Amino acid sequence: MNAQLQPTGSAYFISKETALPETHTLSVLVDNEPGVLARVIGLFSGRGYNIESLTVSETEHEKHLSRITIVTRGTPGVLEQIKHQLERIVPVHRVVDLTVTARELGTGGALARELALVKVAGTGEHRVEALRLAEAFRAKVIDANTEHFIFELTGKVSKVEQFIAIMKPLGLVEICRTGVAAMNRGPQGM
């Protein structure tokens, strides 16, 4: 038998998808117990899916529920597959694709914010320029001495990226980012 005609053994390669990859934000409500995050992340790594951003925190203390916010990229078919596979994990209560829900509601997208701490070292003109730009971006100075600043910035991912890019030539030393926290507009919950 010709080697080109043999099946690959994987359902992922049966049909070629022509759709372009999109970035989506998924919100996953899970039991707050040991190993749940590892199982969710294991699903992504085991299938070769990338996670661009990940945040998790207990959101309902009485019910011991946590919310995991995942930003990932893939074709619509792959994203739907990720959602269905997440729903099958036992401690997962609900999976919402915030990007799709926002489109359906016509709200223009989910509200997404990120917190970043940005350390910039510099003297003279670089120091003055860093302070001026931080003010324009509404970044707060949370630590400072004669050699450096640490700025706190909250906003859209694009705003954080732009601030970091502007600070690079001014003496950027270190960055710490929280990852995306997101929810949809409107009165309904997850």
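The values are calculated or read from the model by the stated rules, or taken from the named source; none is laboratory data. These numbers come from a predicted model, not from an experiment. No Cβ is skipped: glycine too gets one built from the backbone with ideal geometry, and neighbour counts run over all protein chains shown.
Which residues, counting only those in region 46-60, are more than 16 Å from the chain's Cα centre (by Cα) and modelled with pLDDT of 90 or more?
Glu58, Thr59, Glu60
Identify, please: which residue in region 122-148 is small (Gly, Ala, Ser) and surrounded by 16 or more Cβ atoms within 10 Å (Cβ to Cβ) and is, among those, farthest from the chain's Cα centre (by Cα)? If you could, list the steps in order and put the result at the bottom.
Just the residues of region 122-148 that are small (Gly, Ala, Ser), to begin with: 122, 124, 130, 134, 136, 139, 144.
Among the residues that remain, those that are also surrounded by 16 or more Cβ atoms within 10 Å (Cβ to Cβ) are: 122, 130, 134, 139.
Details: Gly122: 30, Ala130: 27, Ala134: 23, Ala139: 21 Å.
The qualifying residue farthest from the chain's Cα centre (by Cα) is Gly122.
Does Val90 satisfy being hydrophobic (A, V, I, L, M, F, W, C), assigned by TED's automatic domain parsing to the domain that holds Glu58, closer than 20 Å to Leu26 by Cβ and exposed (fewer than 12 other Cβ atoms within 10 Å of the Cβ)?
Values: hydrophobic (A, V, I, L, M, F, W, C): yes; assigned by TED's automatic domain parsing to the domain that holds Glu58: yes; closer than 20 Å to Leu26 by Cβ: yes; exposed (fewer than 12 other Cβ atoms within 10 Å of the Cβ): yes.
The answer is yes for Val90.
Restricting attention to region 149-178, which residues are surrounded by fewer than 18 Cβ atoms within 10 Å (Cβ to Cβ) and touching a residue at least 60 places away in the same chain (Cβ under 8 Å)?
Cys176, Arg177, Thr178
Tell me, which helices (runs of 4 or more DSSP H) wholly within region 91-190 include 2 or more residues that are closer than 19 Å to Glu52 by Cα and of a type outside the set (Val, Ile, Thr)?
Hits in region 91-190: 157-167.
Can you name every residue in region 38-52 that is buried (at least 17 other Cβ atoms within 10 Å of the Cβ) and either part of a helix (DSSP H, G or I) or of a type in the set (A, V, I, L, M, F, W, C) (or both)?
Here is the first cut: in region 38-52, the residues buried (at least 17 other Cβ atoms within 10 Å of the Cβ) are 40, 44, 49.
Listed by number, the residues that qualify are Val40, Phe44.
Here are the criteria: (1) in contact (Cβ under 8 Å) with a residue 60 or more places away in the chain; (2) buried (at least 16 other Cβ atoms within 10 Å of the Cβ); (3) hydroxyl-bearing (Ser, Thr, Tyr). Tell me which single one Ser66 does not satisfy.
(1)
When you go through Thr154, Thr178 one by one, which is the residue that is outside the structural domain of Ile82 (by TED's automatic domain parsing), within 30 Å of His84 (Cβ to Cβ) and of a type in the set (S, T, N, Q)?
On inspection, the qualifying residue turns out to be Thr178.
Select, from Thr59, Thr72, Thr55, the only residue that is of a type in the set (S, T, N, Q), touching a Lys or Arg at 6+ places or on another chain (Cβ under 6 Å) and either assigned to a strand (DSSP E or B) or not assigned by TED's automatic domain parsing to the domain that holds Glu33 (or both).
Thr59
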